[in-house]
Amino acid sequence: MYIVFLGAPGAGKGTQAARIAKELVAEHIATGDLFRQAIEAGNDLGKKVNKYMVKGALVPDEITVGLIMERLAVLAQTRAIFDGFPRNLEQAKALDGALDKQNKAIDRVVYIRVAEDELVRRLSKRWICRNCQTPYGPDIPSRDGNRCDRCDGQLYQRPDDQPETVRKRLKVYFSETAPLIEYYRQQEKLLEVDGSGSVDSVANNIISALGERQFIAQ
Ligand code: AMP
């Protein structure tokens, strides 16, 4: 089963995708996390993508789609959750095409809907783990304040969570990514979930919408 998580920056895609991937024993493929890890590692990919990310622009499709194709080729699980990919119609079509060649397809698309002023509030107060990318914020505080509950990594504020870059990322989201809502609605794959509640209640709603409760370890 292949699931796409769609939503604006700050909608809680990363938090929910990581959680649902764990519960469904699915591979969590987050392009933003992969890019940030490459930047931290200082490798060629990191050097290529950094200049786009700091501006809040999308990384060119050839780099992003190439990265996803590499991951698809070595998928360890029969289920995968795509988080932050696809980000535009070209990427969505490239993903559909690649899966089609393997007689597979995206099964469902979870669209997490959150009002714009709430997105800005969340992003301006978001801190993430430098090591495992777990996000924290006013609604999901870390126990220590400076270190990650999960791996004890150092927390930092993403450079692209600065107010000006946040505005740019939201603009990019509405012009490039939001049209995917219609694209997947027309394919009758879209599941719309209200993302304004607590992490637990949103996760609960996603599991119900997916109709996958039977797969979750009791
Ligand atoms: P995210 O962690 O999903 O918010 O992504 C952070 C940044 O990584 C984005 O603002 C883009 O610069 C880049 N990025 C992540 N996923 C993609 C994608 N699918 N296509 C292009 N750029 C991406």
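The values are calculated or read from the model by the stated rules, or taken from the named source; none is laboratory data. Because the structure is a prediction, the values reported are computed rather than measured. Cβ placement follows ideal geometry from the backbone for every residue including glycine, while neighbour counts extend to all protein chains displayed. Surface areas here come from the heavy atoms of the whole protein model, side chains and all, with no ligands, DNA or RNA. Shrake-Rupley method; radii C 1.70, N 1.55, O 1.52, S 1.80 Å.
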#### Entry: Matching residues, region 1-19, being assigned to a helix (DSSP H, G or I) and among the β-branched types (Val, Ile, Thr)
Thr15
### Task
Working only within region 126-149, note down all residues that are exposed (fewer than 13 other Cβ atoms within 10 Å of the Cβ) and among the charged types (D, E, K, R).
Arg143, Asp144
#### Entry: Residues (in contact (Cβ under 8 Å) with a residue 24 or more places away in the chain, open to solvent by 60 Å² or more (accessible area, probe 1.4 Å) and over 18 Å from the mean Cα position of the chain (by Cα)) located in region 153-163
Gln154, Pro163
### Query
For Thr31, which of the numbered conditions (1) among the β-branched types (Val, Ile, Thr); (2) away from the ligand (no atom under 12 Å from the Cβ); (3) at pLDDT 95 or above fails to hold?
(2)
### Summary
For region 40-76 the number of residues that are assigned to a loop (DSSP other than H, G, I, E, B) and within 7 Å of the ligand (Cβ to nearest atom) is 4
#### Entry: Failed item in (1) within 16 Å of the ligand (Cβ to nearest atom); (2) in contact (Cβ under 8 Å) with a residue 60 or more places away in the chain; (3) over 26 Å from Ala94 (Cα atoms); (4) surrounded by fewer than 18 Cβ atoms within 10 Å (Cβ to Cβ), with Val166 passing the rest
(4)
### Task
Scan region 169-192 residue by residue and report those that are of a type in the set (Ser, Thr, Tyr), open to solvent by 30 Å² or more (accessible area, probe 1.4 Å) and in contact (Cβ under 8 Å) with a residue 40 or more places away in the chain.
Tyr183
### Query
If you scan region 20-38, which residues turn out to be in a helix (DSSP H, G or I), touching an Asp or Glu at 6+ places or on another chain (Cβ under 9 Å) and either open to solvent by less than 10 Å² (accessible area, probe 1.4 Å) or closer than 15 Å to Leu210 by Cβ (or both)?
Ile20, Ala21, Glu23, Leu24, Thr31, Ala38
### Query
Name the residues in region 82-125 that are more than 14 Å from the chain's Cα centre (by Cα), within 11 Å of the ligand (Cβ to nearest atom) and over 25 Å from Arg167 (Cβ atoms), would you?
Ala94, Leu95
### Message
Exactly one condition in (1) among the polar types (S, T, N, Q); (2) open to solvent by 20 Å² or more (accessible area, probe 1.4 Å); (3) at pLDDT 95 or above is false for Gln102; which is it?
### Response
(3)
### Task
Would you mind stating whether Arg79 is charged (D, E, K, R), more than 11 Å from the ligand (Cβ to nearest atom), within 25 Å of Asp194 (Cβ to Cβ) and surrounded by fewer than 20 Cβ atoms within 10 Å (Cβ to Cβ)?
yes
